[in-house]
1. Could you check the simple spin-label distance between B:Asp184 and A:Lys2, using points 7 Å along Cα→Cβ, in nm with one decimal?
2. Given N residues in the stretch B:1-55, what is Rg(Cα) / (2.2 N^0.38 Å)?
3. To the nearest 20 debye, what charge dipole does the protein assembly as shown have about its Cα centre, counting +1 at the Cβ of each Lys and Arg and -1 at the Cβ of each Asp and Glu?
4. Using a basic spin-label model with each label point 7 Å from the Cα along Cα→Cβ, how many nm lie between B:Phe157 and A:His31?
5. For B:Ile129 and A:Val51, what is the calculated FRET efficiency with R₀ set at 35 Å and r taken between the beta-carbons, to the nearest 0.05?
6. Toward the positive end of the charge dipole of the protein assembly as shown, about the Cα centre and with charges on Cβ (Lys, Arg +1; Asp, Glu -1), which of B:Cys177, B:Leu5, B:Pro86 goes farthest?
7. Taking +1 at the Cβ of each Lys and Arg and -1 at the Cβ of each Asp and Glu, which of B:Leu14, B:Ile162, B:Tyr125 sits farthest along the dipole of chain B towards its positive end, judged by Cα position relative to the Cα centre?
8. Aspartates and glutamates near B:Lys199 by alpha-carbon distance under 18 Å, same-chain residues fewer than 8 away left out - which ones?
Amino acid sequence: MKTRIERALQIASSLIIVGLGIELGTLLWFHPLALVFFVLLGGTAVVLGMVIYLVSLVFVVGSGKS
Amino acid sequence: MTELLIAQIVVAILLALIFLIRPAVTASTVGKMLAFVALAIFPSLCLIGGWNLHMQRSQQTRFCISCHAMVPYGQSLYIDDPNYLPAVHFQNHLVPADEACYACHADYTAFGTLKDKLRGLTRVYMQYISTPPQQIRIPGGYQNNQCLHCHGGARRFEENAIHAAILDDLVSGRMSCLASGCHDSVHNVSQIQRLKLWKPGR
């Protein structure tokens with residue numbers, strides 16, 4: 001049974017992997033829309049993943065439920 | 001640089017995969033530190049690197065003319081007539097050929113680069129969601145400081161009798177460098193099919 005912090009880590013790492021994958025795709029595509037996808041899709045996913053990870057450090061670990 | 005960034009992203013993905021597959025790794029101190037590197041540091045570095053690379057690409061000529069509406073403007077760089085301002089600058093490498101559009105159309109003010117990028121986003125919107133206007137115009141007109149950024153202070157420019165006589169008006173913007181009778185042959189995309197184009201390499 002996964003703990004809350006482990007679930008949070010999996011969600012965060014999933015988002016980061018998806019975001020970095022999108023970023024990788026935009027780097028291989030030389031087009032104005034590549035920048036738009038990089039910021040709107042890739043950047044959003046990565047930042048969301050990072051935020052979930054950092055928040056989990058504070059609220060999940062901090063609550064003593066690990 | 002692109003290859004380095006791609007390698008960095010691949011490494012970041014592999015590190016993040018560890019915590020997707022085995023999140024229990026963070027039970028140890030080393031695991032916690034690795035998690036911080038993999039889920040905070042590395043993704044941040046990848047985002048910063050990716051942003052820088054995309055910004056560099058957006059300055060390149062082929063980036064600008066990759067939109068359909070800009071194709072005739074790219075063709076106008078090859079007009080075989082030295083009276084055409086963009087053509088003579090591009091063909092003689094008076095501006096960097098691979099950043100020809102940016103060299104003349106970047107706004108050289110404090111927040112010019114940011115304004116250019118935001119304006120560029122409206123162009124992307126026009127191209128893919130709305131419709132580009134029949135005649136593309138620069139909001140506010142072409143500013144003299146985009147010419148004077150390079151030509152201002154240059155000896156040949158300032159010693160030219162005509163420029164010397166109207167220098168104050170040019171610097172203040174009261175008179176445009178592109179005024180009728182001066183450097184008024186610019187892109188002329190409406191006539192591009194009738195103009196002779198230079199073929200490089202001959």
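1. Here the answer is 7.0 nm between the modelled labels.
2. Numbers: Rg = 12.5 Å, N = 55, 2.2 N^0.38 = 10.1 Å.
Ratio of Cα Rg to 2.2 N^0.38 Å: 1.24.
3. Details: 20 positive and 14 negative charges, 197 e Å.
In debye, rounded to 20, the protein assembly as shown gives about 940.
4. Here the answer is 3.8 nm between the modelled labels.
5. Working: r = 29 Å, r/R0 = 0.83.
Result of the calculation: an efficiency of 0.75.
6. Farthest along the dipole direction, towards plus: B:Leu5.
7. B:Leu14
8. B:Asp80, B:Asp81, B:Asp98
Read-outs: derived from the displayed coordinates by stated rules, not from any lab. Note that this is a predicted model, so its numbers are computed, not measured. With ideal geometry, Cβ positions are generated from the backbone for all residues, glycine too; neighbour counts draw on all protein chains shown.
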